[in-house]
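Okay, so here's the structure we're looking at.
The values are calculated or read from the model by the stated rules, or taken from the named source; none is laboratory data. Since this is a predicted model, take the numbers as computed values, not measurements. Note: ideal-geometry Cβ built from the backbone for every residue, glycine included; neighbour counts use all protein chains shown.
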Amino acid sequence: MAQLTPSDAAILAPALGDDAETVAAEIEAGASRLVRYDDGSRIVLRLEPRPERPELVIVGGAGEDAPGKVAAIVEHAERQGWSVRFHTRRPALGRLLARLGFTEIERVYAHGR
């Protein structure tokens, strides 16, 4: 299982923001998994148990060809019988995800951070 290197952390930092340390700890503990792509992209995944069926969470990612990578992850999850949830702070990525069949279920707003 891949461990987070300083290079991985730097690549993922914009996507993970304030959660970077928490996500790094989850990867270290084996609760989340880091996926490295040959093109330098990185995605962090976590499988969560749900009463209906497990849910694969795309915690964050950075790099090239997000639509292609997300589509491949969704295909894999569907073959396993899992649902997929994607966290993003970027509205443009939300629009891209909608084209892949995702629906927005939550927006979170904070003040004073």
message: Looking at the structure I just gave you, is GLU104 without any contact (Cβ under 8 Å) to a residue 12 or more places away in the chain and touching a helix residue (DSSP H, G or I) at 6+ places or on another chain (Cβ under 8 Å)?
response: yes
- prompt: Restricting attention to the range 61-72, which residues are in a helix (DSSP H, G or I) and touching a Phe, Trp or Tyr at 6+ places or on another chain (Cβ under 9 Å)?
  reply: LYS69, VAL70
statement: All-but-one check, VAL57 against (1) under 15 Å from the mean Cα position of the chain (by Cα); (2) over 21 Å from TYR109 (Cα atoms), failing number (2)
- request: Can you tell me which residue within the range 74-94, out of those that are farther than 26 Å from PRO51 by Cβ and either among the hydrophobic types (A, V, I, L, M, F, W, C) or modelled with pLDDT of 85 or more (or both), is surrounded by the fewest Cβ atoms within 10 Å (Cβ to Cβ)?
  value: ALA92
statement: Taking the range 14-59 and keeping residues part of a helix (DSSP H, G or I), closer than 18 Å to PHE86 by Cα and either touching a helix residue (DSSP H, G or I) at 6+ places or on another chain (Cβ under 6 Å) or free of Cβ contacts under 8 Å to residues at least 12 places away in the same chain (or both) leaves LEU16, ALA20, THR22, VAL23
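Go through the range 81-109 and give me each residue that's in a loop (DSSP other than H, G, I, E, B) and not β-branched (Val, Ile, Thr). Steps first, answer last, please.
Step one: of the range 81-109, the residues in a loop (DSSP other than H, G, I, E, B) are 81-82, 87-90, 100-109.
Hits for the range 81-109 are GLY81, TRP82, HIS87, ARG89, ARG90, LEU100, GLY101, PHE102, GLU104, GLU106, ARG107, TYR109.
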Filter pass, ARG42 being among the charged types (D, E, K, R) and surrounded by 12 or more Cβ atoms within 10 Å (Cβ to Cβ): yes
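Can you tell which of LEU34, LEU56, LEU47 is in contact with a Pro (Cβ under 8 Å, 6 or more places away or on another chain) and either modelled with pLDDT of 95 or more or surrounded by fewer than 13 Cβ atoms within 10 Å (Cβ to Cβ) (or both)?
That would be LEU47, the only listed residue that is in contact with a Pro (Cβ under 8 Å, 6 or more places away or on another chain) and either modelled with pLDDT of 95 or more or surrounded by fewer than 13 Cβ atoms within 10 Å (Cβ to Cβ) (or both).
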